[in-house]
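Novice: I'd like to ask you about the structure that follows.
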Amino acid sequence: MSKIWIIAKNEYEQVVKKKSFIVGLLLTPAIMAAFIFIPSLIAEKKASSTESMAVIDFSGTGVGQEIASDLAEFRLPDDSTAPYYDIDLVVAPPEQFANATPMLDSVNHLVNEEELKYALVVKNASLTDTSVYAITNSDDFVSLSRFENIISNRFSTRKLHLSNVNLPVDSIMQLTERIDLSLMNTQGKEVSIKFKYFSMMLFVMTMYGMILGYGMQVMRSVIEEKTTRIMEVLVSSVTPFQLLMGKVLGLGGATFTSVAAWMLMGGIFMGGASIFAMELDPAMTSSFFNPYVAIAFTLFLVSGYLLYSTIYAVIGAICTTEKEAQNFHFPIIMALILPIIIGFRVMQDPNSTLPVVLSFIPILTPTMMMMRVAFMASSAGAFSLFSPIMLQIILGFLIVIAATIGVIWVAGKIFRVGILMYGKRATLAEVIKWIRY
């Protein structure tokens, strides 16, 4: 045990005494804070310039005029006299739509040249979602949402006028008014999809970077000591297993030092916010400073690092150069980012069958479970050690630890032979033979 400790201490000191470690320790929270606040500020930033658009109405009903009138009511926030949209209204008889191709080509050209940002075309008087479309190269969901709401309201009003409903149209519109639904958890606290998403991305990407970065350091260390023949000297004093565990635990210590420092900084930030009476958005607090998220991040970073760094140590043992080792990177990276690839499904329902099953496959568990917890935590209410989400965290952690013990057992057998092999990369048959020794 003392030899493992000596190797681990040496590996740990080689990392934490570097200036790059200190710089990363300080810069990472700043980058994380920027990751949290900047997207939120950008999303909430209001426009400061007028946008040009055209409304072209072939319906013959006058609905184009009504849509243009509704859009003209939007004003810039810093100048109450300036409209948000500079609208050109074109009204044409319905029969001209069949021959409107030259005009629409001209509109497409203006949009491509950015002289027009949007063009709304009402094709006919059917007043359905197929009778109107927008031409634009913009993905501004705020404006597109406004267009949809205004067009829906105007079409609904006209349909009600044409119906035989014996009520004033205004009364019916009030009765059918759209509701912006607020999300609250069972404790009566507001939850935010936006903060859930940023929380998920922040913790999963941090975990991805830490596991991948320090895991590759383990692999590079093994390859470097093989190529410089230092390995032969080391194994004359310690067993290959002691060497393997010393490297994994030493670099793991550096990983956990970083995480502990960041959690301390987060605690200081929260304490400072309460002392100086700073108001933090409750939805942000429930997403980023949630006890379930903190526990899951710590447990799965620890278990994930141990699992992946052991795999990287094996790769280092069976390869003689980093170029050879590159061939093994792709499946490892894919395993780590798979939760992000299927993230939309996880966001929709983190407790559906696919995310739950994948989150209990050891090599996927760290990032997949972290992603699910980020989405479930803020809605889970008061913290409890016996809550379903906490039991899933513990079960996932135990599965990864059990898998890690198995990988360490296999790695120890491969490592003792692989670290002294030079000249060529081991074949699969040779690796299987080493395990059977």
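Novice: Heads up, I need the accessible area for residue 208: 1.4 angstrom probe, whole protein in place, Å², nearest 10.
Specialist: Ignoring ligands and nucleic acids, residue 208 comes out at about 40 Å².
Novice: Tell me, what HN-Hα J-couplings in whole Hz come from the Karplus equation 6.51 cos²θ - 1.76 cosθ + 1.60 at θ = phi - 60° for each residue of the stretch 351-366, using x for Gly and Pro?
Specialist: Going residue by residue, I get 9, 6, 4, 4, x, 5, 4, 5, 6, 10, 8, x, 6, 9, 4, x Hz, with x marking Gly and Pro.
Novice: Going by accessible area, probe 1.4 Å, with all protein chains left in place, what is the ranking of 349, 129, 57, largest first?
Specialist: Greatest to least solvent exposure: 129, 349, 57.
Novice: Amide H of residue 86: which non-local residues (sequence gap of 5 or more, or other chain) have their own amide H closer than 5 Å, using H built in the peptide plane?
Specialist: The list, which skips near neighbours in sequence, is 51, 52, 53.
Novice: Would you mind checking 247/323; 247/433; 17/196; 19/323; 9/413 for any pair whose Cα atoms are more than 31 angstrom apart?
Specialist: Result: 17/196 exceed 31 Å.
Novice: Collect residues whose amide H, placed 1.01 Å from N in the peptide plane, falls under 5 Å from the amide H of residue 91; neighbours closer than 5 in sequence don't count.
Specialist: Sorted by chain and number, the residues that satisfy this are 57.
Novice: In square angstrom, rounded to the nearest 10, how much accessible surface does residue 146 have for a 1.4 Å probe?
Specialist: Its accessible surface works out to 50 Å², give or take rounding.
Novice: Along Cα→Cβ, 7 Å out, is where each label goes; now give me the distance between the ones at residue 6 and residue 256 in nm to one decimal.
Specialist: 2.2 nm
Novice: Under the Karplus relation 6.51 cos²θ - 1.76 cosθ + 1.60, θ = phi - 60°, what is the ordered set of whole-Hz ³J(HN,Hα) values for the stretch 386-392, x standing for Gly and Pro?
Specialist: 10, 6, x, 5, 5, 5, 5
Novice: Moving on. What does the accessible area per residue of the stretch 317-437 come to in Å², with a 1.4 Å probe and no ligands, DNA or RNA counted?
Specialist: Result: 49 Å² per residue.
Novice: Quick one: 3J(HN,Hα) in Hz for the stretch 248-264, Karplus 6.51/-1.76/1.60 with θ = phi - 60°, rounded, Gly and Pro as x.
Specialist: Once θ is set to phi - 60°, the couplings for the stretch 248-264 become 4, 6, x, 6, x, x, 5, 4, 6, 4, 4, 5, 4, 5, 5, 5, 5 Hz.
Novice: Where the centre of each part is set by its Cα atoms, how far does the stretch 89-127 sit from the stretch 370-386, in angstrom?
Specialist: Centre-to-centre (Cα) distance: 50 Å.
The values are calculated or read from the model by the stated rules, or taken from the named source; none is laboratory data. As the structure is a prediction and not an experimental result, all values here were calculated from the model. Positions of Cβ are generated from backbone atoms using ideal geometry, with glycine treated the same way; all protein chains shown enter the neighbour counts. Ligands, DNA and RNA are stripped out before the accessible areas are found, and what is left, the full protein with its side chains, is counted by its heavy atoms. Shrake-Rupley method; radii C 1.70, N 1.55, O 1.52, S 1.80 Å.
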